[in-house]
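Reading through the structure tokens given below for one structure.
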Amino acid sequence: AHPDPSLSSLFAKENLARMSEEQLNRYDRLINEPSNDWDIYYWATEAKPTPAEFETDVMAMLREFAKNRNREQRLRQPDLEYLFEPPR
């Protein structure tokens, strides 16, 4: 699977409004402290283990979101409708 740098922004769009202030603080720390955005992606998709200091309820939510997003992408792709269009 190709990394999806927009994962955290899509997660934010769907989840920030219903997160508590503590969760927002943990989310803020999660997206700002790791030196590499790819690390967050790898943790979210379970390609790499999440370090203990970032293993929070928010990380669990992000992991769940990544799973659901992958499922959605598998349902949507590949888009083969064009193969069945009548020739012009």
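Observations
- More than 15 angstrom apart: percent of Cα pairs within the range 7-75: 49
- Accessible-area composition of the range 7-75, carbon plus sulfur, in percent [1.4 Å probe]: 47
- Computed lengthening from N68 to E46, 0.36 nm per intervening residue step minus Cα-Cα distance: 6.6 nm
- Solvent exposure of the range 7-75 amounts to 64 Å² per residue of accessible area, where only protein heavy atoms count and the probe is 1.4 Å.
The values are calculated or read from the model by the stated rules, or taken from the named source; none is laboratory data. No experiment lies behind these values; they were computed from the predicted model shown. These accessible areas exclude ligands, DNA and RNA; they are computed on the full protein's heavy atoms, side chains included. Shrake-Rupley method; radii C 1.70, N 1.55, O 1.52, S 1.80 Å.
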